[in-house]
Each structure stands twice: as C-alpha cells, then as structure tokens.
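The values are calculated or read from the model by the stated rules, or taken from the named source; none is laboratory data. Just so it is clear, the structure is predicted and the values come from calculations on it, not from any experiment. Glycine gets a Cβ as well: all are built from the backbone with ideal geometry, and neighbour counts include every protein chain shown.
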Amino acid sequence: MQSDTDEQLDQALARFAALIGDIHARQAEQERRVNSLFALSLVAFVLVVTVLSFLTIILSQQVPGMTAAIADMNGRFAVIADDMVAMDGSVADMRRHMASMPDMVAHLDAVHGSVGFMSADVGAMGLSVAAMDDSVAAMSASLGDMRLSFEVMEQRVARMGADMRHLSQPMRMFNFFNPFR
C-alpha cells in the first residue's frame with residue numbers, strides 16, 4: 001500500500017507539476033500578450049502624440065489667418081449691423097412721413113372736385129377772353145384807321161396852312177405899314 005500511495009503521490013505530484021507547468025505556460029503566454037499590448041499601445045501613443053503635434057503645428061500656422069478672417073468677418077458684421085440700424089431709422093422715417101398720405105389724398109380729392117366745378121367757369125372765362133381779344137383786335141383796327149385818318153387830316157391841314165400862307169401873302173404886304181409893329 002505504500003507503493004500505491006507513493007505512486008498516487010507521484011502521480012499527484014506529476015499532475016501538480018504538469019498543472020504548474022501549464023499555469024507557467026499560460027502565465028508566460030499572458031505576459032507575452034501583455035508585453036505585445038504594451039508595445040502596441042506605446043506605438044499607438046507615439047503615433048497619436050505625433051499626429052497631435054503635427055495638427056498643433058498646422059493649427060498654429062493657420063490660426064493667424066483664421067484670426068484675421070474672423071476679425072474681418074466681425075468688422076463686416078458690425079458694418080451690417082450699423083446699416084441695419086440706419087435702415088430701421090429710414091423705415092421709421094418713411095412710416096412717419098407716409099402717415100400723412102391719407103390726409104393728403106383726401107385733400108387732393110377735394111381739390112380735384114373743386115377744380116371739376118371750376119372747369120366750366122374757366123371755360124366760360126376763356127370764351128370771354130377770346131371775345132375780348134376779338135374786341136381788342138377790332139379796336140386796334142379802328143385805331144389804325146383813325147391814325148390814317150389823322151395823317152390825312154394833318155396833310156390837309158398842312159396844305160390848308162400852305163394855301164393860307166399863299167393866299168395871305170398879298171395881305172402881308174400891309175404888315176410893313178403897320179405902325180404898331
């Protein structure tokens with residue numbers, strides 16, 4: 001029985017040694033995997049840091065241009081905002097000025113109605129002025145005739161004066177004998 005026990009003990013120790021060998025093999029495999037993962041993680045970390053460094057360098061070179069573009073955009077937005085304020089003021093002025101339009105339209109309608117009533121009177125006045133023009137033209141013609149008549153009369157009076165001088169010439173001789181002269 002001792003040999004059975006020893007044999008069983010040897011078998012148990014062999015199984016224990018095989019189990020410990022399996023455990024060591026598993027542990028070595030796990031250590032190898034963990035080391036591979038650490039190495040892979042280190043490579044990935046280095047790649048990430050390198051990529052982030054390149055991105056940081058690229059961004060640091062692009063930031064001044066972006067900052068200038070943003071400043072330009074802000075300036076343009078400020079100008080647009082100022083223009084919007086001015087346009088708001090203009091629209092408010094237009095609304096204020098347009099508020100009186102209904103009154104002006106009503107007043108113009110009233111004036112148009114008054115002009116409608118006056119148009120007949122203005123037409124009659126036009127006819128009267130035309131008649132007056134005709135009368136003035138007739139008077140001008142009559143005055144022209146009178147002027148011609150006065151010219152003829154003046155010529156006749158001048159001729160009568162010449163005739164009178166001629167006829168009075170013998171009598172004028174007696175003027176030399178006038179003592180009162």
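Quick look at the numbers
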quantity: Count - residues of region 78-117 that are hydroxyl-bearing (Ser, Thr, Tyr) and modelled with pLDDT under 80; calculated: 2
quantity: Criterion: assigned to a helix (DSSP H, G or I) and exposed (fewer than 10 other Cβ atoms within 10 Å of the Cβ) - qualifying residue of ARG95, ARG33, ARG15, ARG26; calculated: ARG95
quantity: Condition check for ALA120: hydrophobic (A, V, I, L, M, F, W, C) and either modelled with pLDDT under 75 or surrounded by 10 or more Cβ atoms within 10 Å (Cβ to Cβ) (or both); calculated: yes
